[in-house]
Amino acid sequence: MNMQIIQRLLTPISSFFIALFMAFSINAAPVDTYEFPDPVTKKRFQQLVYELRCPKCQNQNLADSNSMIAVDLRKQVYDMLIDGRSDMEIVNFMVERYGDYVLYRPKVSAATYLLWFGPIGFIVIGGIVIALFVRQSKEQSQPLSDEQKQQLNEILKD
């Protein structure tokens, strides 16, 4: 009888620990290891992969993304740096291939005016609206006339 009680207790406890173990299992991805000829090239690589956005991911840069395309693009950036290409050439290559989406700081153009100047426009419009409301509320707050004061007193007496 005691054995049945122990088995009834162990089954949910063991199920809990198995579920807990599975929930916290870590999915490790391979880490890119590149050898650079000098610290300047390494710094340029790090800066480029942090500035370029992964085309597959919604909002991750190449350095943070583990998608296969990000791995390939990091390798391409590395290869272009080793070949002696400039940062601008690498960025232009990525923009030609994937569009302005890969840039975290897109260039100012007709397509990106709203992105660059929209927040300033919203602040200006918001300031104007607030100023109009404040002005209107000042205009509406006029002192009561003698007749209105008398009517108010009569209402309060009731």
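Could you tell me whether region 53-73 includes any residue that is assigned by TED's automatic domain parsing to the domain that holds residue 35, within 16 Å of residue 34 (Cβ to Cβ), in contact with a Phe, Trp or Tyr (Cβ under 9 Å, 6 or more places away or on another chain) and open to solvent by 70 Å² or more (accessible area, probe 1.4 Å)? No, region 53-73 has no match at all. Please indicate, with yes or no, whether at least one residue in region 7-16 is within 24 Å of residue 104 (Cα to Cα), of a type in the set (A, V, I, L, M, F, W, C) and either in a helix (DSSP H, G or I) or at pLDDT 80 or above (or both). The answer is no, given that none of the residues of region 7-16 is within 24 Å of residue 104 (Cα to Cα), of a type in the set (A, V, I, L, M, F, W, C) and either in a helix (DSSP H, G or I) or at pLDDT 80 or above (or both). Scan region 102-117 residue by residue and report those that are under 21 Å from residue 46 (Cβ atoms) and part of a helix (DSSP H, G or I). Once the filter is applied, which keeps residues that are under 21 Å from residue 46 (Cβ atoms) and part of a helix (DSSP H, G or I), region 102-117 yields only 102.
Residue by residue through region 101-113, note down the ones that are open to solvent by 70 Å² or more (accessible area, probe 1.4 Å) and either of a type in the set (A, V, I, L, M, F, W, C) or touching a Ser or Thr at 6+ places or on another chain (Cβ under 7 Å) (or both). Walk me through how you get there before you give the answer.
Narrowing region 101-113 to residues open to solvent by 70 Å² or more (accessible area, probe 1.4 Å): 101, 104-105, 107-108, 110-111, 113.
108, 110, 111 - these are the residues of region 101-113 that are open to solvent by 70 Å² or more (accessible area, probe 1.4 Å) and either of a type in the set (A, V, I, L, M, F, W, C) or touching a Ser or Thr at 6+ places or on another chain (Cβ under 7 Å) (or both).
Within region 137-152, the set of residues being surrounded by 10 or more Cβ atoms within 10 Å (Cβ to Cβ) and at pLDDT 80 or above comprises 148, 149, 150, 151, 152. Within region 74-112, the set of residues being within 16 Å of residue 34 (Cα to Cα) and among the aliphatic types (A, V, I, L, M) comprises 77, 80, 81, 82.
Residues in region 74-90 that are surrounded by 16 or more Cβ atoms within 10 Å (Cβ to Cβ), touching a Leu at 6+ places or on another chain (Cβ under 7 Å) and touching a residue at least 40 places away in the same chain (Cβ under 8 Å): 2 in all.
The values are calculated or read from the model by the stated rules, or taken from the named source; none is laboratory data. If you're wondering where the values come from, they're calculated on a predicted model, not measured in any experiment. Every residue, glycine as well, gets a Cβ built from its backbone with ideal geometry; the counts of neighbours run over all protein chains shown. Protein only, heavy atoms only, side chains kept; ligands, DNA and RNA dropped before computing areas. Shrake-Rupley method; radii C 1.70, N 1.55, O 1.52, S 1.80 Å.
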